[in-house]
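Asks: There's a structure below that I have some questions on.
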Amino acid sequence: MVFKNIKIEKKEGIATIKINRPQVLNALNKDTITDLSKAVEELDADKNIKVVILTGEGDKAFIAGADIKQMADMTPLDAKEFSELGHNMLKKIENSRLPFIAAINGYALGGGCEVLMACDICIAAKSAKIGQPEINLGIHPGFGGTQRLPRLVGRMKAKELLFTGRNIDADEAFQIGLVNMVVEDDKLIETVQKLAGQIASKSTVQTSFIKSLVNKGADIDLNSANSLEISYFSSGFSTNDQKEGMKAFLEKRKPEFKGK
Ligand code: COA
């Protein structure tokens, strides 16, 4: 499918989605969120794809937030629908079988920070600025920021950032556990592609199991989560990837996983 507000490239099992509205720093309007939602569905169904990289067009922004121009005149009902649209798109990323790596190439503010937090791994360029500045607009985050931020960085830190709307730099984001790694700006894409390639070489059955276990497990009690792990672990032994992985180890060679 061809999209108006995003670009997708596919190469060697890795799909790169670029938000493509650089003239407004890749702000998320309704159409862009809808495009993203459809793209996630499409990639999820494409068995050749093993990993997704999500980034922004241009060198200034990943996503500078939800589109303020579009939100300015919304009624409460419009705002509810907009918030639901954003939540549903992020749910698709979280429920996707694919590992999503966010490559933060500049501002990741508001909705941008919320997209970052729905991804599985995040690498930020040194010059990136990350935050939830909604309070400065007289609102609070509406795409999960009040919920995912405290789960990632703890309640106190989250409240400080949400109350003040202060944007933090990449190093501080790393210190509080909001990004996995910070790299020089000109090394961002190369680093993310290398990581994506590494993950793409693993069993895609297992990457999807791990994603699902970590995400589901975080929202339920430990006993239930451990039971879920037992059930996924046992079904892993019905796959070719388990047979191949262990056979390759015993034969002292590299495994060739087929995702089956
Ligand atoms: N929604 C809509 N348009 C946005 C936007 C957003 N979230 N963020 C930036 N833009 C637009 C600007 O209006 C401007 O458009 P214009 O050229 O037609 O005036 C263009 O993108 C460039 O932004 P500008 O503000 O001129 O760039 P800057 O380098 O001076 O500042 C930011 C960059 C990110 C600090 C600033 O744009 C900003 O604060 N954006 C809003 C961030 C925010 O509050 N996000 C949460 C929204 S809920």
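Asks: Mind checking which residues of the range 14-35 are touching a helix residue (DSSP H, G or I) at 6+ places or on another chain (Cβ under 9 Å) and either away from the ligand (no atom under 16 Å from the Cβ) or hydroxyl-bearing (Ser, Thr, Tyr) (or both)?
Replies: Result: ILE14, ALA15, THR16, ILE17, THR34.
Asks: If I filter the range 106-127 down to residues being away from the ligand (no atom under 13 Å from the Cβ) and in a loop (DSSP other than H, G, I, E, B), which single residue comes out as farthest from VAL24 (Cα to Cα)?
Replies: Per the stated criteria, the residue is ASP120.
Asks: Determine whether the range 146-162 contains at least one residue that is part of a helix (DSSP H, G or I), surrounded by 18 or more Cβ atoms within 10 Å (Cβ to Cβ) and among the β-branched types (Val, Ile, Thr).
Replies: Yes: the range 146-162 contains one or more residues that are part of a helix (DSSP H, G or I), surrounded by 18 or more Cβ atoms within 10 Å (Cβ to Cβ) and among the β-branched types (Val, Ile, Thr).
Asks: If a residue must be buried (at least 19 other Cβ atoms within 10 Å of the Cβ) and either more than 18 Å from CYS122 (Cβ to Cβ) or not hydrophobic (A, V, I, L, M, F, W, C) (or both), how many such residues does the range 194-205 contain?
Replies: The number of residues fulfilling the criteria is 3.
Yes/no per residue for (1) within 16 Å of the ligand (Cβ to nearest atom); (2) touching a residue at least 24 places away in the same chain (Cβ under 8 Å); (3) touching a Ser or Thr at 6+ places or on another chain (Cβ under 6 Å):
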residue	(1), (2), (3)
GLU9	no, no, yes
GLU12	no, yes, no
SER37	no, yes, no
ALA61	yes, yes, no
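Asks: Shifting gears a bit: Determine, yes or no, whether VAL179 is part of a loop (DSSP other than H, G, I, E, B), among the aliphatic types (A, V, I, L, M), under 19 Å from the mean Cα position of the chain (by Cα) and more than 16 Å from the ligand (Cβ to nearest atom).
Replies: Judged against the criteria, VAL179 is a match.
Asks: Another question, then. In contact (Cβ under 8 Å) with a residue 24 or more places away in the chain and at positive phi: does that describe GLY177?
Replies: Yes; evaluated as a whole, the condition is true for this residue.
Asks: Quick one: which of ASP219, ASP186 is exposed (fewer than 12 other Cβ atoms within 10 Å of the Cβ), free of Cβ contacts under 8 Å to residues at least 24 places away in the same chain and outside any helix (DSSP H, G or I)?
Replies: Going through ASP219, ASP186 in turn, just one is exposed (fewer than 12 other Cβ atoms within 10 Å of the Cβ), free of Cβ contacts under 8 Å to residues at least 24 places away in the same chain and outside any helix (DSSP H, G or I): ASP219.
Asks: When you go through (1) over 24 Å from LYS202 (Cα atoms); (2) of a type in the set (D, E, K, R); (3) away from the ligand (no atom under 13 Å from the Cβ) one by one for LYS50, which number turns out not to apply?
Replies: Failing condition for LYS50: (1).
Asks: Are any of the residues in the range 195-207 charged (D, E, K, R) and assigned to a helix (DSSP H, G or I)?
Replies: There is no residue in the range 195-207 that is charged (D, E, K, R) and assigned to a helix (DSSP H, G or I).
Asks: From the list GLU94, GLU84, GLU134, which one is more than 10 Å from the chain's Cα centre (by Cα), acidic (Asp, Glu) and more than 9 Å from the ligand (Cβ to nearest atom)? Show your work before the answer.
Replies: Details: GLU94 fails: more than 10 Å from the chain's Cα centre (by Cα); GLU134 fails: more than 9 Å from the ligand (Cβ to nearest atom).
Answer to the selection: GLU84.
Asks: What is the number of the single condition among (1) closer than 23 Å to LEU116 by Cα; (2) more than 18 Å from the chain's Cα centre (by Cα) that ILE199 does not meet?
Replies: Answer for ILE199: the failing condition is (2).
Asks: Considering every residue within the range 71-90, establish whether at least one is on the phi > 0 side of the Ramachandran plot and at pLDDT 95 or above. It would help to see each step written out before you state the result.
Replies: So in the range 71-90, the residues on the phi > 0 side of the Ramachandran plot come out as none.
Checked against the condition, which is being on the phi > 0 side of the Ramachandran plot and at pLDDT 95 or above, the range 71-90 yields no hits at all.
The values are calculated or read from the model by the stated rules, or taken from the named source; none is laboratory data. This is a predicted model, so every value here is computed, not measured. Neighbour counts are summed over all protein chains in view; Cβ atoms, including those assigned to glycine, are modelled from backbone coordinates with ideal geometry.
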